[in-house]
Amino acid sequence: MSSKIFDALLNEKIDFFKNSFSNNSEIYFDSNRKLISPLEYGMYKEHACKEFLKFIIPSRYRIDDGFVINANEQITTQCDIVIYDSNNTPLFESGIKQRFFPMETVLAIGEVKSTLSKRELKNAINKLAKSKSIRKENQNPSIIYRKTTETFKEYNHPFDQIISFIICQKLKFKVTDIDFDTLYDKEIPVTDRHNMILSIEDGLFLYRHSINGEEKFWPFPYSQNQKLKNCRISPGDNQKNHFLNFAASLYQTTQLSTIFQPEFARYTIHSPGLFYKED
């Protein structure tokens, strides 16, 4: 039995998000419907996404934007959405307030887009995959929280991966013919593929997983070392079906995600524990 109170709150958040994200008011467009403030418009959409995601993820986690880094001098491009464990994340911030997040405590990263052509989608998912892979450089991480009882091995378990997703207004091509095998670069491993793509107008892209003979939607691109086929959840008659499934999937994946310990000494050339001779 569902909770009427929760359903009402979630539907209210979905309605507000859809209206905010799809807002094409005169603030950002001229009389000819030409975008005049792309940077501000992008920031507006990102803010709308963050407010919606705050309702979904566990309250112990926070949402920001910035760069993900590791101790091997690797850095992602700027991520529109970074979901992280604030209790175990040191504040790495530049003088102009750019945030840098150690990959160990990042649970999920996301990109916020307006409309995407097939070429633009290809570029977006490959960029996201390269950002997602940054965690794998440390093969012997210290674990703070890990839900699965399986032995840790080279980030093979889905819970040990960084979750990745795209939120957009619309895909500007026939979505029933989409084949992600042709969109991903050949060197991208299946494990680094996106988890979810939420298109407000087209639906939610997940994966098809058969469990005990029953087909289920699955937010991971692989299971038991097998690549899964992608599938689409349509908006449905209520135009909210894809939002509900996205919310459930994002909550589930962030709730189960592994959190590792950032090793401060690996991020700096200064070794703690050294004694310096006093003058």
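The values are calculated or read from the model by the stated rules, or taken from the named source; none is laboratory data. All values derive from a computational prediction rather than experimental measurement. Positions of Cβ are backbone-derived with ideal geometry, glycine not excepted, and every protein chain shown enters the neighbour counts. In case anyone asks, the SASA skips ligands and DNA or RNA and just uses the protein heavy atoms, side chains included. Shrake-Rupley method; radii C 1.70, N 1.55, O 1.52, S 1.80 Å.
Per DSSP H run of n ≥ 4, the term is -39500 (n - 2.57); total these for the chain, divide by its residue number, and report the mean residue ellipticity at 222 nm rounded to 500 deg cm²/dmol.
Values: 5 runs with 72 residues, N = 279.
Estimated from H runs of four or more residues: -8500 deg cm²/dmol.
Starting from the alpha-carbon convex hull of the chain, give the projected area averaged over all orientations, in nm². Please report the intermediate quantities before stating the final value.
Details: hull surface 77.2 nm².
So the Cα hull casts an average projection of 19.3 nm².
Can you give the FRET efficiency for GLN226 and GLU40, using 1/(1 + (r/R0)^6), R0 = 45 Å, r = Cβ-Cβ distance, to the nearest 0.05? Mind showing how you got there, number by number?
Numbers: r = 44 Å, r/R0 = 0.98.
Approximately 0.50, to the nearest 0.05.
Using only the heavy atoms of the protein chains and a 1.4 Å probe, how would ASP64, ASP202 rank by accessible area, largest first? Walk me through the numbers before you get to the answer.
Details: ASP64 40, ASP202 15 Å².
Sorted descending by solvent-accessible area, the residues read ASP64, ASP202.
Please give the length that would be gained between ASN72 and ALA248 if that part of the chain were fully extended, namely 0.36 nm times their separation in residues minus their C-alpha to C-alpha distance (nm, one decimal). Before the final figure, lay out each step's value.
Values: separation 176, 0.36 × 176 = 63.36 nm, distance 3.43 nm.
Net length gain for the segment: 59.9 nm.
Is the C-alpha gyration tensor of segment 78-128 telling us rounded, prolate or oblate? Criteria: a/c under 1.5 is rounded; beyond that, a/b larger than b/c is prolate, otherwise oblate. Intermediate results must be reported in sequence, preceding the final value.
Numbers: a/c = 3.13, a/b = 2.07, b/c = 1.51.
Since a/c reaches 1.5 and a/b is larger than b/c, the shape of segment 78-128 is classed as prolate.
Which distance in nm do the two modelled labels at LYS122 and LYS4 give, with both placed 7 Å along the Cα-to-Cβ direction?
The modelled label-to-label distance comes out at 5.2 nm.
Run the accessible area of the chain with a 1.4 Å probe and give the carbon-and-sulfur part as a rounded percent.
Details: 7570 of 15320 Å².
Result for the chain: 49 percent of the exposed heavy-atom area is carbon or sulfur.
How much length would be gained if the chain were fully extended between LYS172 and ASP15, taking 0.36 nm per residue of separation minus their Cα-Cα distance, in nm to one decimal?
On the way: separation 157, 0.36 × 157 = 56.52 nm, distance 2.29 nm.
Length difference between fully extended and current span is 54.2 nm.
Just to verify a number: what accessible area does TYR207 come out at with the full protein assembly present, 1.4 Å probe, Å² rounded to tens?
Ignoring ligands and nucleic acids, TYR207 comes out at about 10 Å².
Full-extension gain between PHE264 and SER142, please, as 0.36 nm times their residue separation minus the C-alpha to C-alpha distance. Kindly include the intermediate steps, with their values, before the conclusion.
Working: separation 122, 0.36 × 122 = 43.92 nm, distance 1.19 nm.
Extending this stretch completely gives an extra 42.7 nm.
Show me, bin by bin at 5 Å from 0, the whole-percent P(r) of segment 148-279 based on Cα pairs.
2, 9, 15, 19, 17, 12, 8, 5, 4, 3, 3, 2, 1, 1, 0, 0
What residue among VAL106, VAL175, VAL68 has the largest mean-square fluctuation in a Gaussian network model of the chain, using Cα springs under 10 Å?
In the Gaussian network model the winner is VAL175.
When you take every Cα atom in segment 48-152, what is the radius of gyration, and what is Dmax, the widest Cα pair distance, in Å?
Final numbers for Rg and Dmax: 14.7, 42 Å.
Rounded to the nearest 10 Å², what accessible area does ARG60 show when all protein chains are kept and the probe is 1.4 Å?
Here the residue's solvent-accessible area equals roughly 100 Å².
What does the accessible area of ILE144 come to, in Å² to the nearest 10, when a probe of 1.4 Å is used?
Probe radius 1.4 Å; accessible area of ILE144 about 70 Å².
Rank THR76, THR105, THR151 by mean-square fluctuation in a GNM of the chain with C-alpha springs under 10 angstrom and give only the top-ranked residue.
Per the Cα network of the chain with a 10 Å cutoff, THR151 tops the list.
Between GLU201 and ILE96, what is the FRET efficiency for a Förster distance of 22 Å, r being their Cβ-Cβ separation, to the nearest 0.05? Before the final figure, lay out the partial values.
Working: r = 36 Å, r/R0 = 1.62.
Here the calculated transfer efficiency is 0.05.
At 1.4 Å probe radius, can you tell me the per residue accessible area of segment 71-170 in Å²?
Values: 4510 Å² over 100 residues.
Per residue, segment 71-170 has an accessible area of 45 Å².
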